1. Name the strands (runs of 3 or more DSSP E) wholly inside the stretch 99-201 in which the number of residues that are in contact (Cβ under 8 Å) with a residue 24 or more places away in the chain, surrounded by 15 or more Cβ atoms within 10 Å (Cβ to Cβ) and touching a helix residue (DSSP H, G or I) at 6+ places or on another chain (Cβ under 6 Å) is 2 or more.
2. Just to verify a result, which residue in the stretch 43-62, among those that are out of contact with any strand residue (DSSP E or B) (no Cβ under 6 Å at 6 or more places or on another chain) and among the hydrophobic types (A, V, I, L, M, F, W, C), is surrounded by the fewest Cβ atoms within 10 Å (Cβ to Cβ)?
3. Could you check Val60 against (1) in contact with a Leu (Cβ under 6 Å, 6 or more places away or on another chain); (2) β-branched (Val, Ile, Thr); (3) farther than 26 Å from Pro143 by Cβ and say which number it fails?
4. So which residues in the stretch 68-84 are assigned to a helix (DSSP H, G or I) and over 21 Å from the mean Cα position of the chain (by Cα)?
5. Which ones in the stretch 270-289 are surrounded by 11 or more Cβ atoms within 10 Å (Cβ to Cβ), out of contact with any Lys or Arg (no Cβ under 8 Å at 6 or more places or on another chain) and under 17 Å from Ala230 (Cα atoms)?
6. Looking at the stretch 216-234, can you tell me whether even one residue there is closer than 22 Å to Leu253 by Cα, in a helix (DSSP H, G or I) and either touching a Ser or Thr at 6+ places or on another chain (Cβ under 8 Å) or not assigned by TED's automatic domain parsing to the domain that holds Val73 (or both)?
7. Give the stretch 249-267 a look and list any residue that's among the small types (Gly, Ala, Ser) and surrounded by 13 or more Cβ atoms within 10 Å (Cβ to Cβ), or say none.
Amino acid sequence: MSGKLSAKPRIAIVGAGNLAGALALSLREAGYRIDQIVARGQAGSLRRARRLGREVRASVAAITRAQIRAEIVWFCVPDGAIASTARSLTGAADWSGKVAVHSSGALTSDELDVLRQRGAAVASVHPLMTFVRGSRPSLGGVPFAIEGDPKARRAARAIILRLRGQPFTIRKERKEAYHAWGTFASPLLTALVVACERVAVAAGVSRKSVREKMLPILQQTLSNYARWGAPGAFSGPIVRGDVATVRKHLRVLRTVPGARDVYVALARVALRDLPAKNRAALEKMLITN
């Protein structure tokens with residue numbers, strides 16, 4: 001196989017989960033040919049793969065029977081399965097000249113080392129986006145962190161630009177911190193919202209109406225952050241230095257399991273990194289109350 005990739009190489013996707021679905025549709029819309037969806041042999045995995053294959057007009061194969069012709073193979077499987085899946089596919093293709101990438105945020109391109117040893121250029125290519133069941137977000141504007149072999153990085157960058165994403169380079173030793181950042185930005189943000197819901201119920205708001213009532217302030221906060229950054233979006237008793245109000249919050253939050261700990265942790269972050277009056281008094285109160 002030639003070491004040079006065509007302008008729009010064929011792509012095989014390994015996996016058929018939430019990320020694989022969003023990626024396959026975005027690639028198809030960008031004019032790429034999805035040559036094959038490769039899935040585990042379990043009935044549920046093959047069923048999802050066949051459904052996705054129909055959407056993007058791709059053939060479907062179980063890992064044990066796959067014969068990969070595509071120039072680029074994109075692994076969209078759980079982190080713990082990347083290396084083992086790659087090993088399972090070593091005989092599925094002549095890997096010399098191919099590009100293989102995976103989309104783990106925490107793991108490096110070395111997870112695909114077994115394919116690198118067989119001549120493939122490998123990389124990790126992670127979209128900084130959340131993918132949940134029932135949602136297939138556009139990849140336009142999404143940052144993609146890339147790390148790996150030069151040829152694989154170039155191929156990934158070209159694809160991401162066609163998807164109208166934002167490719168950037170991440171150093172191998174920074175992947176864990178990068179993934180922790182992404183976890184703060186979405187999963188732990190969702191956990192914070194759950195804590196907000198608990199406090200709302202303690203305030204007498206019905207569980208059914210909490211989300212509807214909370215969305216306007218959440219959306220405006222994100223809008224303020226987008227426009228002015230964190231300092232300009234920060235409001236409330238800490239920025240005003242209102243010690244009495246924060247003390248009342250700490251007292252009532254003792255009745256809401258876990259909420260007080262979250263409040264104190266975030267208040268300490270705010271006092272360290274955001275505008276605040278009466279900083280010393282607030283810091284002392286967080287320790288003593």
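1. Values: elements: 99-102, 121-127, 143-148, 166-169.
Hits in the stretch 99-201: 99-102, 121-127, 143-148.
2. We begin by selecting, within the stretch 43-62, every residue out of contact with any strand residue (DSSP E or B) (no Cβ under 6 Å at 6 or more places or on another chain); these are 43-44, 47-48, 51, 54-55, 57, 62.
Then drop every residue that is not among the hydrophobic types (A, V, I, L, M, F, W, C), which leaves 43, 62.
On the way: Ala43: 8, Ala62: 14.
It comes out as Ala43.
3. Just one mismatch for Val60, condition (1).
4. Residues of the stretch 68-84 that are assigned to a helix (DSSP H, G or I), as a first pass: 79-84.
Once the filter is applied, which keeps residues that are assigned to a helix (DSSP H, G or I) and over 21 Å from the mean Cα position of the chain (by Cα), the stretch 68-84 yields only Ser84.
5. Looking only at the stretch 270-289, we keep the residues that are surrounded by 11 or more Cβ atoms within 10 Å (Cβ to Cβ), and these are 270-271, 273-279, 281-286, 289.
Still in the running and out of contact with any Lys or Arg (no Cβ under 8 Å at 6 or more places or on another chain): 270, 273-276, 278-279, 281-282, 284.
Within the stretch 270-289, Ala270, Asp273, Leu274, Pro275, Ala276 meet the criteria.
6. Quick first cut of the stretch 216-234, residues closer than 22 Å to Leu253 by Cα only: 217-218, 234.
Filter once more, so that each one left must be in a helix (DSSP H, G or I): 217-218.
Narrowing further to those that are either touching a Ser or Thr at 6+ places or on another chain (Cβ under 8 Å) or not assigned by TED's automatic domain parsing to the domain that holds Val73 (or both): 217-218.
Yes, the stretch 216-234 contains a residue that is closer than 22 Å to Leu253 by Cα, in a helix (DSSP H, G or I) and either touching a Ser or Thr at 6+ places or on another chain (Cβ under 8 Å) or not assigned by TED's automatic domain parsing to the domain that holds Val73 (or both).
7. Step one: filter the stretch 249-267 for residues among the small types (Gly, Ala, Ser), giving 258-259, 265, 267.
Hits for the stretch 249-267 are Ala259, Ala267.
The values are calculated or read from the model by the stated rules, or taken from the named source; none is laboratory data. These numbers come from a predicted model, not from an experiment. Cβ coordinates were reconstructed from backbone atoms using ideal geometry, including for glycine residues, and neighbour counts include every protein chain displayed.
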